[in-house]
Amino acid sequence: MFLQRPVRGVLLSVALCIVLLAARSSALAFTGNEWRSMSQPERLMYVAGVMDAWFNVAAVTKVIKQSDPTHHPGIVERILAQITDCTQERMTYQQSHAIVEKYMNQNPESWHQDMASITWAAMSKACSAR
């Protein structure tokens with residue numbers, strides 16, 4: 001009887017972890033196909049959310065640099081700066097969304113890929129063309 005409670009607790013913990021991991025993996029697998037099934041306002045809000053996340057990384061990087069002048073940005077910070085420098089002050093969310101929509105329409109071979117990566121590819125292409 002003494003061992004049954006801990007074993008039951010371990011089994012419940014393992015079951016909970018499996019459920020949480022299964023839910024997490026489906027959340028990570030947001031593809032272009034899934035994005036295409038969303039309404040237009042939902043698509044726009046998705047792109048706005050991705051852009052906001054990138055802008056937040058850029059803002060945090062600036063704060064870190066101000067507080068530590070010896071800080072050297074990592075590869076992620078440098079890559080994101082290419083997009084945020086291009087878009088942050090001049091581009092609306094509607095324009096960013098239109099760029100992603102255009103990219104999706106012209107690249108159906110990428111619809112199965114991660115939507116954040118597709119958004120990156122679309123914005124990177126638009127910013128390098130300027």
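The values are calculated or read from the model by the stated rules, or taken from the named source; none is laboratory data. Predicted model, so just to flag it, every value in this text is computed and none were measured. Don't worry about glycine lacking a Cβ; one is built from the backbone with ideal geometry, like all the others, and counts go over all protein chains shown.
When the residues of the range 51-65 are narrowed to those that are crowded, with 18+ Cβ neighbours inside 10 Å and under 10 Å from the mean Cα position of the chain (by Cα), which ends up modelled with the highest pLDDT? Within the range 51-65, the match that is modelled with the highest pLDDT is M51. Residue count for the range 87-129 under the criterion of being within 15 Å of the chain's Cα centre (by Cα) and not in a helix (DSSP H, G or I): the result is 2.
Taking the criterion of being farther than 25 Å from K125 by Cβ and not in a helix (DSSP H, G or I), the residues of the range 42-86 that qualify are D68, P69, T70, H71, H72.
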